[in-house]
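For reference, the structure is listed below as structure tokens.
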Amino acid sequence: MQTIARFMKDESGATAIEYGLIAALVGVSIIVGLENLRDALNNILALISSTLDGV
């Protein structure tokens, strides 16, 4: 019975899971941010290219 009570009070695994969730959230945020940056850079480079074609 003491083993079960000790197991229920142990929170070390919960901390690891929390850190894993935070790392996953940061990773997803970076991916979304890079996708937006990619689209913006593509638009800027397309504008520069079309401007230089007209010269």
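The values are calculated or read from the model by the stated rules, or taken from the named source; none is laboratory data. All figures in this text were calculated on a predicted structure; none of them were measured in a lab. Cβ placement follows ideal geometry from the backbone for every residue including glycine, while neighbour counts extend to all protein chains displayed. Note: areas computed on protein heavy atoms with side chains; ligands, DNA, RNA excluded. Shrake-Rupley method; radii C 1.70, N 1.55, O 1.52, S 1.80 Å.
Laid out as a table, the results:
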item: Prolate/oblate/rounded call for the chain, Cα gyration tensor, a/c under 1.5 rounded; result: prolate
item: On Cα atoms only, tilt of 12-53 relative to the major axis of the chain in degrees; result: 0
item: Extension gain (nm, one decimal) between MET1 and SER49, 0.36 nm per residue minus Cα-Cα; result: 10.0 nm
item: Filtered GluC sites (Glu not before Pro), the chain: DSSP coil and at most 13 other beta carbons within 10 Å; result: GLU11
item: ASP39, ASP53, reordered so the largest accessible area comes first (probe 1.4 Å); result: ASP53, ASP39
item: Cβ-based charge dipole, the chain, positive-most Cα from VAL28, THR3, SER49; result: THR3
